[in-house]
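Each remark here refers to the structure printed beneath this line.
The values are calculated or read from the model by the stated rules, or taken from the named source; none is laboratory data. The structure displayed is predicted, hence computed values, not measured ones. With ideal geometry, Cβ positions are generated from the backbone for all residues, glycine too; neighbour counts draw on all protein chains shown.
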């Protein structure tokens, strides 16, 4: 594997540079998605009737193919990272909103009553009781959203080389170096699996009261 | 000029409505590829998912397949296959099927697993053979989830088939890719509109299918 990690200079990044770029382009949208879906999910829990329409909207957004999304946004944001990240953030909502709603709804009413009896206000109850109990469900959603986001970034290559590791695919074709394509696919897949493992670890650390063994999803 | 004007201009140009690069031809191509890939993926994923769900074995292996399926970048796989095999139908079909199998497989497994055990036991107690327990009790109850797995797969296929225009496949993605190269933004937006329309139509078809096939009792309970 001589030079497996040596990239053509037109990529303007080292291998690790591209990995960093890829992670940023994939993870920022998920973070944005999480920040949006927390309040949205809370609204859905409070007012049950808005949950079905919210689900409908996120499903419709998710159905729109990434390439179509990207090219329409070019008109507003140019061929930039922002153009790639906005659709990814919107896609993450379809997984995160239901995950958070289910998680928060699964908190037993007795627990909520106990928190109230201990004098917790609504805000403190949300952050110290509901969110921690919902953590496993939320992280299960984050795992799906993160892994999909990491694999989707590569499509950004089609709109002016905004695909981070995906840009290697273009060079693999024009320079006839299949190894570059293999490298790109493998690296993206490995990044996805590593991110998944990190999130599992985070869940274990966040929920020390849960049994270590046994299957959660 | 905004996006709507571009789309308007694209659809009003009569040259886009006939010939080998006309909208009807491209639309039919896209639909054909997508259906073929979905049928192949369902033929692989459904039987395995139903069987493993029925017997309850292999859950961990399936969870691994699910993560691996999500982690593999569809676009990268597409380009890699074309570099290895060359242009044609096969290098495109392989990634489409590989990406569609995990959601179908894993969702149908989980769907069958999550069926309430008491009616299943009742069916067994009444002397139903295993095949009838699966098809007359478990599958009807699990149908909404099974359909949602197929829906996810179908949406991913439609979306990936769009990207496949980059490696020479026909279909609606052609307008986007060609338009980008020709710096013809009208064409790009027109193609994007059509693709989004097809994806929404896919959603609608699955919504209608679940209305028609899911038994009213199951729908009310779920």
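Go over the candidates B:133, B:158, B:120, B:139 one by one and state the one that is within 13 Å of chain A (Cβ to nearest Cβ) and modelled with pLDDT of 90 or more.
One residue alone meets the criteria, B:158.
Tally up the residues in segment A:72-130 that are under 30 Å from residue B:177 (Cα atoms) and either buried (at least 20 other Cβ atoms within 10 Å of the Cβ) or over 17 Å from the mean Cα position of the chain (by Cα) (or both), please. Quick ask: steps written out before the conclusion?
Here is the first cut: in segment A:72-130, the residues under 30 Å from residue B:177 (Cα atoms) are A:72-95.
Keeping just the survivors that are either buried (at least 20 other Cβ atoms within 10 Å of the Cβ) or over 17 Å from the mean Cα position of the chain (by Cα) (or both) gives A:72-80, A:83-85, A:87-89, A:91-95.
Of the residues in that region, 20 qualify.
Just to be sure, is residue B:19 more than 14 Å from chain A (Cβ to nearest Cβ), at positive phi and either out of contact with any strand residue (DSSP E or B) (no Cβ under 6 Å at 6 or more places or on another chain) or part of a helix (DSSP H, G or I) (or both)?
Yes, satisfied.
Which numbered condition trips up residue A:33, out of (1) under 30 Å from residue A:137 (Cα atoms); (2) more than 14 Å from chain B (Cβ to nearest Cβ); (3) surrounded by fewer than 16 Cβ atoms within 10 Å (Cβ to Cβ)?
All conditions pass for residue A:33, except number (3).
Scan segment B:163-186 and give yes if some residue there is within 13 Å of another protein chain (Cβ to nearest Cβ), over 23 Å from residue B:80 (Cβ atoms), surrounded by fewer than 23 Cβ atoms within 10 Å (Cβ to Cβ) and in contact (Cβ under 8 Å) with a residue 60 or more places away in the chain, otherwise no.
yes
Taking the options A:189, A:140, A:195, name whichever one is surrounded by fewer than 24 Cβ atoms within 10 Å (Cβ to Cβ) and either in contact with a strand residue (DSSP E or B) (Cβ under 6 Å, 6 or more places away or on another chain) or farther than 22 Å from residue A:66 by Cα (or both). Write out each step before concluding.
Values: A:189 fails: either in contact with a strand residue (DSSP E or B) (Cβ under 6 Å, 6 or more places away or on another chain) or farther than 22 Å from residue A:66 by Cα (or both); A:195 fails: either in contact with a strand residue (DSSP E or B) (Cβ under 6 Å, 6 or more places away or on another chain) or farther than 22 Å from residue A:66 by Cα (or both).
Of A:189, A:140, A:195, the one residue that is surrounded by fewer than 24 Cβ atoms within 10 Å (Cβ to Cβ) and either in contact with a strand residue (DSSP E or B) (Cβ under 6 Å, 6 or more places away or on another chain) or farther than 22 Å from residue A:66 by Cα (or both) is A:140.
Would you point out which residue out of B:106, B:98, B:115 is surrounded by 16 or more Cβ atoms within 10 Å (Cβ to Cβ), under 21 Å from residue B:134 (Cα atoms) and within 14 Å of another protein chain (Cβ to nearest Cβ)?
B:106
Determine which single condition residue A:197 fails, assuming it passes every other condition in (1) away from chain B (no Cβ under 13 Å); (2) out of contact with any helix residue (DSSP H, G or I) (no Cβ under 9 Å at 6 or more places or on another chain); (3) part of a helix (DSSP H, G or I).
The single condition residue A:197 does not satisfy is (1).
Out of curiosity, is residue A:147 surrounded by 17 or more Cβ atoms within 10 Å (Cβ to Cβ) and within 14 Å of chain B (Cβ to nearest Cβ)?
Details: surrounded by 17 or more Cβ atoms within 10 Å (Cβ to Cβ): yes; within 14 Å of chain B (Cβ to nearest Cβ): yes.
Here the answer is yes, as residue A:147 does meet what is asked.
Output the residues belonging to segment A:151-169 that are within 14 Å of residue A:18 (Cα to Cα), outside any loop (DSSP other than H, G, I, E, B) and either touching a strand residue (DSSP E or B) at 6+ places or on another chain (Cβ under 8 Å) or more than 7 Å from chain B (Cβ to nearest Cβ) (or both).
A:153, A:156, A:157, A:164, A:165, A:167, A:168 - these are the residues of segment A:151-169 that are within 14 Å of residue A:18 (Cα to Cα), outside any loop (DSSP other than H, G, I, E, B) and either touching a strand residue (DSSP E or B) at 6+ places or on another chain (Cβ under 8 Å) or more than 7 Å from chain B (Cβ to nearest Cβ) (or both).
From (1) within 7 Å of another protein chain (Cβ to nearest Cβ); (2) without any contact (Cβ under 8 Å) to a residue 12 or more places away in the chain, pick out the condition that doesn't hold for residue B:85.
With (1) within 7 Å of another protein chain (Cβ to nearest Cβ); (2) without any contact (Cβ under 8 Å) to a residue 12 or more places away in the chain applied to residue B:85, the lone miss is (1).
In segment A:172-185, which residues are more than 8 Å from every other protein chain (Cβ to nearest Cβ), over 27 Å from the mean Cα position of the chain (by Cα) and in a helix (DSSP H, G or I)?
Of everything in segment A:172-185, those that are more than 8 Å from every other protein chain (Cβ to nearest Cβ), over 27 Å from the mean Cα position of the chain (by Cα) and in a helix (DSSP H, G or I) turn out to be A:174, A:179.
Being assigned to a helix (DSSP H, G or I) and in contact with a helix residue (DSSP H, G or I) (Cβ under 9 Å, 6 or more places away or on another chain) is the filter here, so list the residues in segment B:22-34 that pass it.
B:23, B:24, B:26, B:27, B:29, B:30, B:31, B:33, B:34
Specify the residue that is surrounded by the most Cβ atoms within 10 Å (Cβ to Cβ); the eligible residues are those in segment B:51-72 that are free of Cβ contacts under 8 Å to residues at least 40 places away in the same chain, in contact with a helix residue (DSSP H, G or I) (Cβ under 8 Å, 6 or more places away or on another chain) and at the interface with chain A (Cβ under 9 Å from one of its Cβ atoms).
Of everything passing the filter in segment B:51-72, B:70 is surrounded by the most Cβ atoms within 10 Å (Cβ to Cβ).
Would you be able to tell me the number of residues in segment A:37-76 that are part of a helix (DSSP H, G or I) and within 26 Å of residue B:202 (Cα to Cα)?
Count: 25.
Is there a residue being more than 9 Å from chain B (Cβ to nearest Cβ) and in contact (Cβ under 8 Å) with a residue 24 or more places away in the chain anywhere in segment A:63-76?
Checked segment A:63-76: no residue is more than 9 Å from chain B (Cβ to nearest Cβ) and in contact (Cβ under 8 Å) with a residue 24 or more places away in the chain.
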